[in-house]
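The values are calculated or read from the model by the stated rules, or taken from the named source; none is laboratory data. All figures in this text were calculated on a predicted structure; none of them were measured in a lab. A quick note on method: Cβ atoms are made from the backbone with ideal geometry, for glycine too, and the neighbour counts reach across all protein chains shown. Surface areas here come from the heavy atoms of the whole protein model, side chains and all, with no ligands, DNA or RNA. Shrake-Rupley method; radii C 1.70, N 1.55, O 1.52, S 1.80 Å.
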Amino acid sequence: MLTWHILSGIYFKNCTGSYNPVIFSANSNGNGKANLALVSPQEKEKGKGKGNLNSNTKHKHSVCASPQNGSIAVTGRFTVKMSIAKPLKKLASCVILDLDGTLLNTDALLSDVLGGFLSKYGKQWDGREVHKTLGKTPLEAAAAIVEAYDLPCTTNEFISAINPLYSEKWCNIKAQPGANRLIKHFGGHGVPMALASNSPRVNIEGKISFHQGWKESFSVIIGGDEVASGKPSPDIYLEAAKKLNVEPSSCLVIEDSIPGVTAGKAAGMEVVAVPSIPKQSHLYTSADEVINSLLDLKPEKWGLPPFQDWVEGTLPIESWYIGGPVIKGLGRGSKVLGIPTANLSTEGYSTVLSEHPSGVYFGWAGLPTKGVFKMVMSIGWNPYFNNPEKTIEPWLLHDFAEDFYGEDLRLVIVGYIRPEANFSSIESLIAKIHEDGRIAEKALDLPIYSTYRDDPYLKSCVKDSSHL
Ligand code: RBF
Ligand code: MG
């Protein structure tokens, strides 16, 4: 089957006479007929049409389309530019998702269970060993741990001892930020989804049973025990495509681990990597794209319906709270950048921090003696400076006469702007942070965000942690 990719600069005329950009995909069935999918990136109109596409090699084709549904009427003929010479990205019609580390935040679980288990043997779990287990089959992961810690038991004994400890914690595993949003989005747009994990199928079903609406959203679930070999072999992904009844080339895989990315590529699929351990993105060279978190996924890049929840350059998120004394950071904020961030002590917040992807967020900041202020902040390792620790650096959008080190700072975080980035010069970093400030300043006046200004947490005393 020949797939045509029509990439950019495409316009069609709607019934009101105005032109709208269209993302267009055409799957030739070999006889010159094609199915057209019309999607406006502006999200104002949406429609599906069928038309005939001449399969000769001219670069322009006229196509008649009549919408099957949606609010637009494509009445006239429109012209598409066609590029078969350079199909950059294949267009996907289905999404296949990994579970552990991709949709579920299982990192904390691993250290929790293993930490407790190893201490019985007088050993201490070292988080750095985590890479030995990511994307591995349960047997491989177990063998790696038994070996790394020189445990006086066989791999199978280890598995039997650890399994019940795991399954009793399944109810506590949190969804990764953006996982519910992604599942609802694709489900709502009728994009078929499959779950493809190295875990045995019963474990997959057990884990997802604690997340409302997940099981029903997947038309296919494949576990590591249902194929000959687990990832990095392509088997799991190929089996998922077969059960979805689609070509592997029209599947988009979303994966957090390197073996998982290898498996998806070996299956002939497009793969977006969402690394679950920090500072590793350079190792994911075979992925078609590496993103920082599920919040950064742009489905339209893969020919899938775009998210519609971004407002004025910001993404509303479920609000979360953090507070503590303002500490002296590295002093770069005001000295080097001219941006005085009120760095927050992250002591006691390691769980909260690990649950939130690095990136630029915004919200409201409360200072007991000064009031409530707009705030934009970065969470992460500041790629430009390559910090060793994940930090929280809020910038209160207000001119203060004096420093307020030691004072209690309360934050309610309500929206997301972008992932942290590296920059070729300090000027471009500063310009970007100022742009973040302007985006936050404006967005916080929108009713969806402004209501949080009155959140009692911003004014309560530190000991009251009822919100956390
Ligand atoms: N540091 C980076 O290396 N990359 C970024 O993209 C980045 N974005 C930021 C956005 C905001 C709104 C703020 C307040 C800081 C950001 N920083 C970023 C962190 C900045 O480098 C840091 O605050 C200074 O180094 C002070 O320690
Ligand atoms: Mg995974």
Check: Looking only at helices (runs of 4 or more DSSP H) that fall completely inside the range 188-284, which ones have 1 or more residues that are among the aliphatic types (A, V, I, L, M) and surrounded by fewer than 24 Cβ atoms within 10 Å (Cβ to Cβ)?
Finding: 201-208, 235-244, 258-266
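In the range 108-131, which residue that is within 15 Å of ligand 2 (Cβ to nearest atom) and either hydrophobic (A, V, I, L, M, F, W, C) or touching an Asp or Glu at 6+ places or on another chain (Cβ under 9 Å) (or both) is nearest to Lys169 (Cα to Cα)?
Looking at the filtered set, the residue picked out is Leu109.
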Next item on the list: Give just the number: which of (1) more than 10 Å from ligand 1 (Cβ to nearest atom); (2) open to solvent by 50 Å² or more (accessible area, probe 1.4 Å); (3) in a loop (DSSP other than H, G, I, E, B) does Ala431 not satisfy?
Entry: (3)
Next item on the list: Filter the range 220-254 for residues that are closer than 21 Å to Gly190 by Cα and either within 16 Å of ligand 1 (Cβ to nearest atom) or of a type in the set (D, E, K, R) (or both) and give the result.
Entry: Glu239, Lys242, Lys243, Glu247
Margin query: I'd like the full set of residues that are more than 25 Å from Pro456 (Cα to Cα), open to solvent by 40 Å² or more (accessible area, probe 1.4 Å) and in contact with a strand residue (DSSP E or B) (Cβ under 9 Å, 6 or more places away or on another chain), limited to the range 355-386.
Written below: Trp381
Checklist line | Every residue from the range 263-278 that is modelled with pLDDT of 95 or more and more than 12 Å from ligand 2 (Cβ to nearest atom) | finding: Lys265, Ala266, Ala267, Gly268, Met269, Glu270, Val271, Val272
Margin query: Considering only residues that are more than 22 Å from the chain's Cα centre (by Cα) and surrounded by fewer than 19 Cβ atoms within 10 Å (Cβ to Cβ), which ones fall in the range 387-397?
Written below: Asn387, Pro388, Leu397
Checklist line | Tally, over the range 384-402, of residues that are under 22 Å from Thr351 (Cα atoms), within 11 Å of ligand 1 (Cβ to nearest atom) and part of a loop (DSSP other than H, G, I, E, B) | finding: 2
